[in-house]
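Only one structure is covered here, and it is reproduced in the block below.
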Amino acid sequence: MSPLGADRVISVVPARAWHVREIAGRMRQADRDEVFAASGKCPASALSISYRRSSMRMTGLVDGRPEVMFGVADLNVLAGVGAPWLLGTSAVDENYVAFLRRSVSWRNQLSARYPVLRNFVDMRNRASVRWLRWLGFSILDPIDINGHEFRLFEMRS
């Protein structure tokens with residue numbers, strides 16, 4: 001597969017409940033490890049919870065197949081604080097340039113709605129940590145969750 005995604009049709013659509021099963025069954029290992037360490041949940045349960053709790057949720061399709069789901073849950077509506085999340089398959093890595101380009105517009109949309117974006121990332125998930133830094137998030141204080149180092153990440157607009 002092309003890292004540019006040039007030979008792929010990549011689109012973003014409103015997430016649907018059936019996308020959860022499609023993505024969870026093929027979720028990349030780093031995301032599986034992160035959700036299990038953070039919550040003790042399997043990929044389908046973790047993705048389903050994120051889907052249900054989010055005020056905004058989208059699915060990235062590659063050649064019409066759901067490959068990544070992302071969204072934001074309200075942490076504090078009055079203060080404008082949201083918790084962004086993203087879980088995907090190996091297609092994210094295989095089409096990383098297209099993914100990076102599209103993620104900038106997603107970040108901008110979220111920043112327009114939420115002056116503060118905040119969540120935690122598993123430090124073992126190196127690709128996610130690099131991506132968050134690339135998007136402009138600050139990686140802050142460590143916290144131990146079930147024996148694994150997580151870090152708060154945050155962006156203020």
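A few notes on this one:
- Cα-Cα separations in the range 10-156 greater than 23 Å, expressed as whole percent: 30 percent
- Across the alpha-carbon atoms of the range 8-87, the computed radius of gyration and Dmax are 12.7, 40 angstrom.
- Separation between Cα centres of the range 18-78 and the range 104-118, rounded to whole Å: 18 Å
- Within the shell defined by Cβ-Cβ distances under 12 Å, the residues around PRO84 carry a net charge of +2, with Lys and Arg each +1 and Asp and Glu each -1.
- Summed side-chain charge close to ILE143 - residues other than ILE143 whose Cβ falls under 12 Å, Lys, Arg +1, Asp, Glu -1: -3
- Relative contact order (%) - the range 10-156, alpha-carbon pairs under 8 angstrom, separation at least six: 21 percent
Every number in this text was worked out from the coordinates using simple rules, so none of it is lab data. Fair warning: this is a prediction, and the values are worked out from it, not measured in the lab. Cβ coordinates were reconstructed from backbone atoms using ideal geometry, including for glycine residues, and neighbour counts include every protein chain displayed.
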